[in-house]
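Let me begin by presenting the structure, written as structure tokens, before commenting on it.
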Amino acid sequence: SDRVGQDLVELECKIWAKKGKNVKYEVRNNREGYKAGALKEGMLHAYVQQCDFLAVFDADFQPEPDFLVRTIPYLARNPQIALVQARWEFVNPNECLMTRIQKMTLDYHFKVEQEAGSSTFAFFGFNGTAGVWRISAIKEAGGWDDRTTVEDMDLAVRAGLKGWKFVYVGDVKVKSELPSNLKAYRRQQHRWTCGAANLFRKMGAEILLTKEVSLWWKLYLLYSFFLVRKVVAHVVPFVLYCVVIPFSVLIPEIKIPAWGVVYIPTAITVLYAVRNPSSIHFIPFWILFENVMSFHRTKATFIGLLELGSVNEWVVTEKLGSASNTKPVPQILERPRCRFWDRWTVSELLFAVFLFVCATYNLVYGSDFYFIYIYLQAITFIIVGTGFCGTSNS
């Protein structure tokens, strides 16, 4: 439980304090502002004013003893650098098929998005953990803000608009745990996706009107970082694979070009496969599962853009905490230990019915073979919608 974890951390701090180390254990008695609120309150302690740098780790992250030795020099030697971001490594990538898929997606994110942003434009979003900030940069950017659920990205964008530079160090890796429970993963993805879209809504005009960075940098941030990667990248897969292609089999007059159905998706898939050669046999599962998740991410994107009811929903991502201590048992599906109707997701099951209708119509009346893919996608929606995905709650 959270209380047990806090007691263990407090005990460890006391042990180091007795050894003469300057260690403080702090905890607040409310959740106001969530993570941003906790970080903002932490910055108010008197001893923080004597520090130059701030290292941030989520509870499940396990930095190596030499983490600071390998990251602080970047900040100490270059006063223009505000953030050093390390790479995430995972203790449970083989726990189930869902964690394998997450590892493939996150490996692409770090290797392509973070590394390219660091080397090309000196900007990328802070991942919220496994990073070291220059405290003066945090203060100049306005500090931590709880206006969205992505306080890490919010601070990075504001610091970038002040002209600060970021560095991604891929060879410094910090172990962490991937969520293996579907409900926890879905909530995490809602928070990340909805928060980014909502930040785009809140900061679009501010980015455009700022005079402290170049026009090219502003266009890159608005178009590539936000519009393409935080909005289009979530909406297009769902619209194409789960709406346009299934609908096209019901309306013979609609003809989708081969490049839209085959060539571009194949090219994207190959790019992912090249980054994960050892997991190439999981690519079909990755495609089908990510299409289902695009359904949730699309909904979260519009909730963030339109600032609807659950825009600031924050549920701590559940981690089982035992994956690093036990030998992983390979599995694809597992029956969760709860009543069947308690794990249903009606929206996914209804969408599966729609896909089955489209696939069957194509099988009976169509002249192509779209029904093969549509049937597989419908089955994936059913598996996820009935909760037979990932592992059970601890």
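I need the shape label for the stretch 1-136. Rule: rounded when a/c is under 1.5, else prolate if a/b > b/c, else oblate, with a, b, c from the alpha carbon gyration tensor.
Oblate.
Can you bin the chain into rounded, prolate or oblate? Criterion: square roots of the alpha carbon gyration tensor eigenvalues sorted a ≥ b ≥ c, rounded for a/c under 1.5, prolate for a/b above b/c, oblate for the rest. The partial results should precede the final answer.
Values: a/c = 2.02, a/b = 1.50, b/c = 1.35.
Since a/c reaches 1.5 and a/b is larger than b/c, the shape of the chain is classed as prolate.
Listed peptides 195-204, 26-35 appear in the order 195-204, 26-35 once ranked by packing, highest mean of other Cβ atoms within 10 Å at the front.
Per residue, the accessible area of the stretch 51-180 comes to 36 Å² when a 1.4 Å probe rolls over the protein heavy atoms.
Let me have the relative contact order for the chain, percent, based on Cα pairs under 8 Å that are six or more residues apart.
On the way: 524 pairs, mean separation 80.0, N = 394.
Reported relative contact order: 20 percent.
With the whole protein complex present, M153 retains an accessible surface near 20 Å², based on a 1.4 Å probe.
Partners of K40 within straight-line reach, counting aspartates and glutamates whose Cα lies under 18 Å from its Cα and excluding those fewer than 8 residues away in the same chain: E26, E32, D52, D58, E140, D145, D146, E151, D152, D154. Projecting the Cα positions of T149, L240, I81 onto the charge dipole of the chain (unit charges on Cβ atoms of Lys, Arg, Asp and Glu, taken about the Cα centre) puts I81 furthest along the positive direction.
Distance between the pseudo-spin-label points of K111 and N22 (7 Å out from Cα toward the beta carbon): 4.1 nm. Looking at the chain alone, DSSP beta bridges between its own residues are antiparallel in about 50 percent of cases. For the stretch 51-180, the relative contact order works out to 46 percent when only alpha carbon pairs closer than 8 Å and six or more residues apart are counted. Put a dot 7 Å past the Cα of I256, heading toward its Cβ, do the same for Y365, and the two dots end up 1.8 nm apart. Within a straight-line Cα-Cα reach of under 14 Å, K218 can be paired with the following aspartates and glutamates, leaving aside sequence neighbours fewer than 8 residues apart in one chain: E206. Model label points for I283 and E32, set 7 angstrom from Cα along the Cα-to-Cβ axis, are 5.3 nm apart. The Y263 and R201 beta-carbon pair, evaluated with R₀ = 41 Å, returns a calculated FRET efficiency of approximately 0.75. Counting only Cβ charges, +1 for Lys and Arg and -1 for Asp and Glu, the dipole size of the stretch 51-180 around its Cα centre is about 420 debye.
Checking the cross-link pairs K139/K165; K175/K230; K24/K162 against a 20 Å limit on the alpha carbon distance flags K175/K230; K24/K162 as lying beyond it. FRET efficiency for the V244 to D58 pair, using the beta carbon distance and R₀ = 41 Å, is estimated at 0.60. In a DSSP loop and with at most 15 other Cβ atoms within 10 Å, there are no chymotrypsin sites (Phe, Trp or Tyr not before Pro) in the stretch 89-137. Can you pull the percent of the stretch 51-180's accessible area that's carbon plus sulfur, 1.4 Å probe, other chains left in place? Reported share for carbon and sulfur atoms: 49 percent.
Calculated from DSSP H runs of 4 or more alone, at -39500 (n - 2.57) each and per residue, what is the 222 nm mean residue ellipticity of the chain, nearest 500?
Working: 14 runs with 183 residues, N = 394.
So the calculated ellipticity at 222 nm is -14500 deg cm²/dmol.
Counted residue by residue at 0.36 nm each, then reduced by the alpha carbon distance between them, the extension gain from R70 to Y223 reaches 51.8 nm.
The values are calculated or read from the model by the stated rules, or taken from the named source; none is laboratory data. Quick caveat: nothing in here was measured; it's all calculated off a predicted structure. Glycine also receives a Cβ, built like all others from the backbone with ideal geometry; neighbour counts cover every protein chain displayed. These area figures cover heavy atoms from the full protein model, side chains too; ligands, DNA and RNA do not enter into them. Shrake-Rupley method; radii C 1.70, N 1.55, O 1.52, S 1.80 Å.
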